[in-house]
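J.: Pasting in a structure now, in structure tokens, and then I'll have a few things to ask.
What follows is calculated from the coordinates using simple rules that are stated; it is not laboratory data. The model shown is predicted, which means the values in this text are computed figures rather than measured ones. All Cβ positions, even for glycine, are placed from backbone atoms using ideal geometry, and neighbour counts span all protein chains on display.
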Amino acid sequence: MTTLELDEVTKAFPPDVVALDRVGLRVERGELVAIVGCSGSGKSTLLHLMGALDTPTAGSVRLDGTDLTALADRDLTDLRARRLGFVFQAFHLDDALTATQNVMTGLLYAGVPRRLRRSRALEALERVGLAHRARHRPQQLSGGERQRVAIARAVAKDPVLLLADEPTGALDTASAEVVVGQLEQLHRDGTTVVIITHDVELARRAPRRVELRDGRVTSDVAARPVVVG
Amino acid sequence: MRGQGEGLLRGRGRTRVGRLSVTDLLEVGTLGLRTRRLRTALSGLGIAVGIATVVLVTSIPASSQAALERQLSDLGADLLRIDPVQGGEELRTLPQQSMGMLGRVGPVTRAAVVANTHAEVRSNPHRLVADGALTALALDGDLLPMIRARVAHGEMLDGDVAPTVVLGSSAARRLGLERLPAEPVTIDVGGVPFRVVGVLAPTPLAADLQTAVLVDWGDAQRWLGFDGHPTVAYVTAREDAIEQLRPVLAATLSPQQPGRVVVSRPSDVLGAKAASQEAFDGLFLGLAGVALLVGGIGVANTLFASVLERRRDIGLRRALGAQRTSVGAQFMTEALVLCLLGGLAGAALGALAAAWWAQARGWPTVVPATVVVGGVAAALLTGAVAGIAPSVRASRLPPTVALAAD
């Protein structure tokens with residue numbers, strides 16, 4: 001079953017920047033895909049399109065069979081709320097909130113009833129091994145721990161697709177190792193994960209690696225047979 | 001085309017997600033306020049000052065009015081005054097038997113009459129010109145307690161054989177006799193030396209007495225050639241009967257033409273005078289409005305800064321699935337809560353200041369409830385207006401741009 005399908009996707013920014021040029025890409029359910037490319041290759045634009053944060057100039061993006069290009073902003077928003085999880089390089093945690101509260105924010109807009117949010121947030125923290133940090137605030141956590149809180153926030157609502165944008169970009173090697181291990185664990189548990197990175201080392205560990213250059217897919221290599229969930 | 005997504009998005013018949021419940025909205029909307037307390041306090045203060053001013057400038061006159069009303073009801077609400085209509089060339093007077101006639105009316109508890117003797121008043125007999133500002137009034141009946149007059153110095157007329165006089169407060173000042181000297185003093189009234197025995201404290205319920213020298217009715221007839229026709233009559237009566245009494249008194253003194261006498265309530269006149277002073281409140285209310293406007297601009301400014309600062313937070317929330325309306329509502333909630341807190345604090349502050357002011361003057365504290373409710377409502381309205389532009393700006397921020405913000 002196909003989770004994400006990009007067909008002839010072009011994204012142009014006026015007046016004359018073509019960030020993505022007729023990109024085609026399919027991500028099957030349960031895959032872990034690394035999209036690698038240097039800066040300016042169109043990675044971020046691709047993430048925005050896959051994450052329903054933006055719509056393409058031409059071509060189509062289908063998530064779980066739904067054509068995103070046909071949707072209005074509020075429907076795209078609805079889709080993000082229910083089906084997508086994001087992990088960002090800069091974590092984007094609220095310093096005023098505890099780890100649990102930050103994870104609960106991920107459920108706030110997903111239509112999860114108030115009384116269920118806390119227990120589901122604690123579950124998610126447990127999944128990333130941070131149950132003991134539930135009451136800590138971001139400034140009391142290490143970089144790696146912060147990113148794991150962000151991962152917990154993304155997966156608490158069981159998204160059909162987890163999008164990670166340079167998840168290790170702000171971390172030291174040891175922390176990065178833990179975070180990557182975490183994403184791999186989620187993948188083994190059945191979550192579809194797309195990691196966007198310029199870190200070749202990180203990309204090499206992924207079962208499938210898509211290389212992007214100047215807005216085009218230049219290679220798409222499966223290191224091992226794809227595990228279909 | 002929209003329909004294609006609806007089934008998926010509305011899954012299991014639930015309403016669209018990304019919209020917040022009131023509780024969630026309050027929690028999210030106050031997050032910025034809770035984490036930036038100093039800024040919240042300062043911009044809330046702007047609103048508070050405006051509302052406090054509104055409450056204060058309306059409560060002070062209300063308290064002063066209440067104090068006056070209490071004072072008037074303490075003194076003189078049971079007092080009626082009867083004047084003949086002064087028409088044309090003819091100067092009218094009341095019947096000679098007025099006091100007896102009035103005393104026989106049921107609810108009347110006391111009656112007294114005053115007459116202008118038209119006698120000239122001089123500080124001493126050697127002066128050629130009389131003091132035109134002073135009148136010599138004859139009193140019959142126990143008027144002074146009725147008008148709550150108090151003798152400031154000396155004593156009241158005591159029906160001495162020798163002619164005696166008591167001075168109204170202004171008259172005493174004019175004659176330089178605010179304090180009576182130890183040795184006897186006389187003034188010249190209608191060419192007769194009258195010994196000054198007392199000086200009255202101010203008599204607001206009968207202001208004409210203040211510029212008068214008061215002589216006994218009998219003395220006036222004996223020494224001043226006075227004809228015995230009163231020019232003003234006063235009665236006191238049970239307060240509940242006062243209104244019904246007015247036409248009765250007019251008919252009693254002027255049965256043929258009740259319209260020839262006017263019955264008034266001196267305390268009402270004082271009350272009206274006090275009420276007319278409220279006109280200048282409009283100016284202060286205008287100033288309060290300006291204060292509120294400035295406060296509102298401050299709130300809008302704070303919110304704009306907040307939107308700018310929290311672009312990444314907005315981007316994150318949009319990525320997490322917050323609808324544009326939810327983001328807008330978040331900032332609108334922030335504006336409303338900020339102004340509500342400011343309004344409540346301002347109302348409390350204004351009420352406390354008014355209470356302090358009233359207490360310092362011995363007035364009862366009156367803080368009109370409508371002003372408090374209206375003031376808080378005005379604060380909320382200010383918040384709503386100030387919140388519009390920042391909320392719209394926040395809601396229109398595209399998530400991709402917001403996420404990329406530094």
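J.: According to a simple spin-label model (label point 7 Å from Cα along Cα-to-Cβ), what is the distance in nm between A:THR10 and B:ALA389?
T.: Modelled inter-label distance: 4.1 nm.
J.: I would also like to ask the following. Determine the shielding of peptide A:78-90 by partner chains: average, over its residues, the number of Cβ atoms on other chains within 10 angstrom of each Cβ.
T.: Other-chain Cβ atoms within 10 Å of each residue's Cβ, averaged: 5.
J.: Work out the FRET efficiency for B:TRP356 and B:LEU293 from their Cβ-Cβ distance, taking R0 = 22 Å, and round it to the nearest 0.05.
T.: So, using R0 = 22 Å, E works out to roughly 0.25.
J.: Can I ask one more? To the nearest whole number, what is the average tally of beta carbon atoms from other chains within 10 Å of the beta carbons of peptide B:320-331? Walk me through the numbers before you get to the answer.
T.: On the way: counts 16, 18, 6, 6, 3, 2, 4, 1, 0, 0, 0, 0.
Mean partner shielding for this stretch: 5.
J.: Once you list every other residue whose beta carbon is under 10 Å from the beta carbon of B:ALA220, what net charge do they have if Lys and Arg are +1 and Asp and Glu are -1?
T.: With Lys, Arg at +1 and Asp, Glu at -1, the net is -3.
J.: Could I ask something else about it? I want the local charge near A:GLN185. Using Cβ-Cβ distances under 14 Å, sum +1 for each Lys or Arg and -1 for each Asp or Glu among the other residues. Could the numbers behind the result be given before it?
T.: Working: positive: A:ARG127, A:ARG148, A:ARG188, A:ARG205; negative: A:GLU126, A:GLU177, A:GLU184, A:ASP189.
After counting each charged neighbour, the total is 0.
J.: Let me ask you something else. Between A:THR69 and A:ARG204, with labels modelled 7 Å along Cα→Cβ, what's the label distance in nm to one decimal, could you check?
T.: 3.8
J.: Over the C-alpha atoms of chain B, what are the Rg and the largest Cα-to-Cα span, Dmax, in Å?
T.: 35.6, 115
J.: Report the extension gain between B:ARG39 and B:ARG104 in nm, rounded to one decimal, defined as 0.36 nm multiplied by the number of residues separating them, less their alpha carbon distance.
T.: On the way: separation 65, 0.36 × 65 = 23.40 nm, distance 7.39 nm.
Residue separation times 0.36 nm, minus the Cα-Cα distance, leaves 16.0 nm.
J.: Over the Cα atoms of chain A, how large are the radius of gyration and the largest Cα-Cα distance (Dmax), in Å?
T.: 17.0, 51
J.: How much net charge surrounds B:PHE304 when only the other residues with a Cβ under 13 Å from the Cβ of B:PHE304 are counted, with Lys and Arg +1 and Asp and Glu -1?
T.: +2
J.: Over the residues of region B:77-270, compute the C-alpha Rg and express it relative to 2.2 N^0.38 Å.
T.: Working: Rg = 16.7 Å, N = 194, 2.2 N^0.38 = 16.3 Å.
Rg over 2.2 N^0.38 Å, computed on Cα atoms: 1.03.
J.: Right, here's the next one. What full-extension length gain, to one decimal in nm, is calculated for B:ARG195 and B:HIS118 as 0.36 nm per residue of separation minus the Cα-Cα distance?
T.: In short, 25.9 nm is gained.
J.: Give me the inter-chain shielding for A:56-68: mean count of other chain Cβ atoms within 10 Å, whole number please.
T.: 1
J.: With just the Cα atoms of the protein assembly as shown, tell me how far they stretch along each of the three principal axes, in Å, largest first.
T.: The principal-axis extents, from largest down, are 136, 52, 48 Å.
J.: Counting only DSSP beta bridges with both residues in the protein assembly as shown, tell me the antiparallel percent, nearest 5. Write out the running numbers ahead of the final one.
T.: Working: 51 of 77 bridges.
Beta bridges within the protein assembly as shown, antiparallel portion: roughly 65 percent.
J.: Okay, moving on. Just order B:162-175, A:143-156 by mean Cβ neighbour count inside 10 Å, highest at the front, would you? Walk me through the intermediate numbers first.
T.: Numbers: B:162-175: 21.6, A:143-156: 25.8.
Result, highest mean Cβ count within 10 Å first: A:143-156, B:162-175.
J.: Quick one: which of B:322-335, B:106-119 comes out on top by average Cβ neighbours within 10 Å, and what's the full order, highest first?
T.: Per-residue mean Cβ counts within 10 Å order the peptides as B:322-335, B:106-119.
J.: Gap in Å between the Cα centre of region A:55-82 and the Cα centre of region B:341-362?
T.: Each part reduced to its Cα centre gives a spacing of 56 Å.
J.: Put +1 on the Cβ of every Lys and Arg and -1 on every Asp and Glu Cβ in chain B; which of B:PRO390, B:LEU349, B:VAL85 then has its Cα farthest towards the positive end of the dipole?
T.: Most positive-ward Cα: B:PRO390.
J.: A follow-up question, please. Would you mind calculating the gained length between B:ALA405 and B:ARG70 on full extension (0.36 nm times residue separation, minus the Cα-Cα distance), in nm to one decimal? Spell out each step's value before the answer.
T.: Details: separation 335, 0.36 × 335 = 120.60 nm, distance 6.49 nm.
Going from the current span to full extension adds 114.1 nm.
J.: Follow-up. Scanning chain B for helices, which whole DSSP H stretches are 15 Å or more long along the axis (Cα) and average -1.0 or more by Kyte-Doolittle?
T.: B:37-74, B:242-253, B:266-276, B:281-309, B:324-360, B:369-396
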